[in-house]
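Written out below as C-alpha cells is the structure these notes cover.
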Amino acid sequence: MQDTEQTFISHLVELRDRLLRCILVVLFVFMSMAYFANEIYAYLAGPLMKHLPPGSQMIAIDVASPFLTPFKLTLVAAVFLSIPYILYQVWAFVAPGLYEHERRLVLPLLFASTVLFYGGMAFAYYLVFPLIFGFLTATAPAGVAVMTDITHYLDFVLTLFFAFGVSFEVPIATIVLIWSGISTRESLSEKRPYIIVAAFVIGMVLSPPDVVSQSLLAVPIWLLFELGLVFSRLFRPRRIEQIPNLQDE
C-alpha cells in the first residue's frame, strides 16, 4: 500500500514538472514574439483586409483592445507553436506505461497529428479565409460600411483555426478507432456514406452558403478519412496483438 502511494505521488510530481516545463516554453515563445505582436495581428488580418472596400479599415470598440488583442493573439500563437514540445512531454509521461510495439506506433501518430493540425490551420488561412471574407464583404447591404472589430475578428478566426485543425485529425481518429479495437476497417468502410454526409454538413456549417466553398471543405475531410483507412492497415488491433502474449503465458 505504501509503495502504491509513493508511486502515485511520484507520478504527480512528474506530471507537475512536465506541466511547468510546458508553461515555461510557452512563456518563452510568447516573450520572444511579444515585440512583433502588431505585425502578427496584421498578418492574420490580411485575408480580411484584402476584401474590404477601398477606404475601409478595422476598428477597436473597447478602449484597451488595440493593446490587448494583439498580445492575446501572440499568446495563442505561442501555444500553437509549442504544441510539438507539449506533445513530446505528454509522450514522455505516458511512454513508460506502454509496450514496446505501442511506443513505436504512438510516436508517429503524435508527429502526424501535429502536422495535420498545422495543415488544417494553413488550409483555413490560405484557402478558406479568402472565400469566407470575399463572400461576406460582397454581400453587405448598400450603405453599410464593413468595419470589423479587431477582437471579434480574432475570436472568429481562432474558432475557425481550431475547427479546421481538429477536422484534419480525421485520419488519426480513424487509425485510433481501428487500432484500439473500438471499430474495424470493414465497419468504417460500410459507414462511408454517413461519413460523406457528415463531411458536407461540417462544410455547410463552416463555410459560406455556396456549393463551391462547401465542397472545398467537405472533400478534404472525406479524403482524409479515406487516407486514415489506408494507413490503418499498418496498425493491427491491440486485442489481436495481445493473443500471442496470452498464449505464451
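The values are calculated or read from the model by the stated rules, or taken from the named source; none is laboratory data. Treat the numbers as computed from the prediction; the structure is a model and nothing was measured. Cβ atoms come from the backbone with ideal geometry, glycine included; neighbour counts cover every protein chain shown. To get the accessible areas, we keep the full protein, side chains included, count just its heavy atoms, and leave off ligands, DNA and RNA. Shrake-Rupley method; radii C 1.70, N 1.55, O 1.52, S 1.80 Å.
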>> Can you give me the % of accessible surface on the chain that is carbon or sulfur? Probe 1.4 Å, all protein chains present, nothing else counted.
In response: 71
>> For segment 1-68 and segment 87-104, what is the centre-to-centre distance using only Cα atoms, to the nearest Å?
In response: 26
> Where nothing but the Cβ of Lys and Arg (+1) and of Asp and Glu (-1) is charged, how large is the charge dipole of the chain around its Cα centre, in debye to the nearest 20?
Replying inline: 380
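Can you give the FRET efficiency to the nearest 0.05 for His152 and His101, using r as the Cβ-Cβ distance and R₀ = 35 Å? Please list the in-between numbers first.
Details: r = 49 Å, r/R0 = 1.39.
Working from the Cβ atoms, E equals 0.10.
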> Residues of segment 66-107 with amide nitrogen under 16 Å from the 7 Å Cα-to-Cβ point of Leu19?
Replying inline: 86-87, 89-91, 93-94
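With every protein chain kept in place and ligands, DNA and RNA left out, what is the accessible area per residue of segment 61-158? Probe 1.4 Å, answer in Å². Show your work: numbers first, answer last.
Values: 5210 Å² over 98 residues.
Accessible area per residue, segment 61-158: 53 Å².
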> Under a 5 Å amide H to amide H cut-off, with H placed in plane at 1.01 Å, what residues pair with Ile59 once short-range neighbours are removed?
Replying inline: Thr148, Asp149, Ile150
> What's the angle, to the nearest 10 degrees (0 to 90), between helix 170-179's Cα axis and the longest principal axis of the chain?
Replying inline: 10
